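Notes to accompany the following structure.
The values are calculated or read from the model by the stated rules, or taken from the named source; none is laboratory data. Not measured: the values here are computed from a predicted model. Cβ coordinates were reconstructed from backbone atoms using ideal geometry, including for glycine residues, and neighbour counts include every protein chain displayed.
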Amino acid sequence: MTPPDDDDVLQALGIKPELSRKMGTFGNYAISFSVICILAGGMSLFGYGLGHGGPVVMLGSWVVIGGLTLLVGMSLADVVSAYPTSGGPYFMAEKLGGRRWGWYTGWLNLLGLLGAIAGIDYGAAAFIGAFAQLQWDITPTPTGTMVIFGALLLLHGLFNSAGVRLVTILNSISVWWQLVGVAVIVGTLTLAPTQHQSVSFVFTHFHNDTGFSPVYVALIGGLLAGYTFCGYDASSHVAEETTDAQMSAPKGMVRSIWVSWVAGFVLIAGLLFAMQDYTATQNTATGVPPVQIFLDVLGPSGAKALLLIVIVAMLFCGNAEVAAASRMIYAFSRSRALWGWKSWLRVNSQTRTPTRAVWFAVVVPFVLALPALFSPAAYGAITAINAVGMIPTYGIPVFLALRKGRNYQPGPWTLGRWRRPVGVIAVIYVVIITVVFCLPQSTPITGETFNYAGVTLLGALLLATITWMTRGKRDYQLAAAATALPGEAAAFSEGGY
């Protein structure tokens, strides 16, 4: 049977096709793989893992959480196939549960995406600062890091404004850069050291610096994997720019998870085997424990070369996240959910890209990160919304599809009879991991060590509630672009910015 035309599917969902459909199956997979970015999450949180359970928890939780994430991704992919739109989780929630479900899911997903951009690019700026210190003996400062951060955001804004074809090319390069990069890093760390850690150490050693009980630490130690496995909803956000989206988007989502799962395990195990001194690695003057491993094994020149691999991967990651977030902003504006929605909805007539939404996705994360100039804890509170905002939005559509039972109509990519058992496990996992994200992570609990994830989640829900009461109930409507009021149509597609 001939599959339905992509634009016909959109129109059946009440959406006017406006974006350029130039992304194939590989490109769709590449954007989610680039956003997950094991070379960003795995490297940035490696030091956290060393103090929160050590090797046995780092690798054990990677296996368990990676497997459970795959179940979540498969369950969400089933729903994506039925609703392949830029709105992603919020559109699915709206269709399956009603307007309020869509509104809350949209705000959580939006804030999570913006927090992710802030976290990714600010982290990349910090790694660039570490490289500058090694190369030119320049001591990083909060102001210098903020300047680099702003420059990275500007670069990503320019790349994304050029159109989806360039974004797809960069994401495709990103896939190979990450996979080859992992191979180079692990291969170098395997061949270069004269001494390696034992198999027993890598797979059984437990280390606890938190002051909490071993069982509790084993739970919160899984956040290394939990935070890394975020962002695979990017495949859904670019579905309106993907050919054969009902099959390509779910396939891309699932593939990005399992490839990251395998490659990430290899990366973390390779770093652990090559680590020369546990305490020195934790307390490294560079502030980045994997860099200390590079220095111990390869010396300054080799360390800088491997660090560059990681930095470039982070830049690809940030660029892909801006692409995903801008499409969500575009779609959410299409539903009249954002202030100034007519502006963010405009599509550049030359590139068929929502250019103003791109710059929204660049400017807002910069503003969110400004507290880092004064307080790392304040910045942590902002970026914590990344995981606690995004992961619940993966479980909500799955839950609502399960609740619909036989009334749910799947797309061509479907789990079939496995949808219910896999979906139930996925929803339970999403609830548990969201709670774990909010738990204290170290003692004593002070302003600097306090976990602000729970506070930011409550803040996001409060913002969604206030905006729902003040304007959402009145203005919010799904796929408003398809039913524009007379005189509004010109706002939806204009040349230039």
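What about residue 414, is it at pLDDT 90 or above, in a loop (DSSP other than H, G, I, E, B) and crowded, with 16+ Cβ neighbours inside 10 Å? Taking the combined requirement at face value, the residue satisfies it. Checking 131, 149 one by one, the residue that is more than 18 Å from the chain's Cα centre (by Cα), surrounded by 14 or more Cβ atoms within 10 Å (Cβ to Cβ) and aromatic (Phe, Trp, Tyr) is 131 and no other. Considering the range 158-172, the residues that are under 13 Å from residue 327 (Cβ atoms) and among the aliphatic types (A, V, I, L, M) include one that is farthest from the chain's Cα centre (by Cα), namely 164.
Taking only pairs six or more apart or across chains, which ones have beta-carbon atoms under 6 Å, a first residue in the range 166-182 that is on the phi < 0 side of the Ramachandran plot, and a second residue that is hydroxyl-bearing (Ser, Thr, Tyr) and crowded, with 17+ Cβ neighbours inside 10 Å? Between residues of the range 166-182 that are on the phi < 0 side of the Ramachandran plot and residues that are hydroxyl-bearing (Ser, Thr, Tyr) and crowded, with 17+ Cβ neighbours inside 10 Å, the close pairs are 171/34; 174/34.
Checked against (1) modelled with pLDDT of 95 or more; (2) over 28 Å from residue 410 (Cβ atoms), residue 228 passes all but a single condition, namely (1). Among the conditions (1) more than 21 Å from the chain's Cα centre (by Cα); (2) at pLDDT 95 or above; (3) among the small types (Gly, Ala, Ser), the only one that residue 472 does not satisfy is (2).
Among residues that are more than 29 Å from residue 367 (Cβ to Cβ), in contact with a Phe, Trp or Tyr (Cβ under 6 Å, 6 or more places away or on another chain) and not polar (S, T, N, Q), residue 63 is not included.
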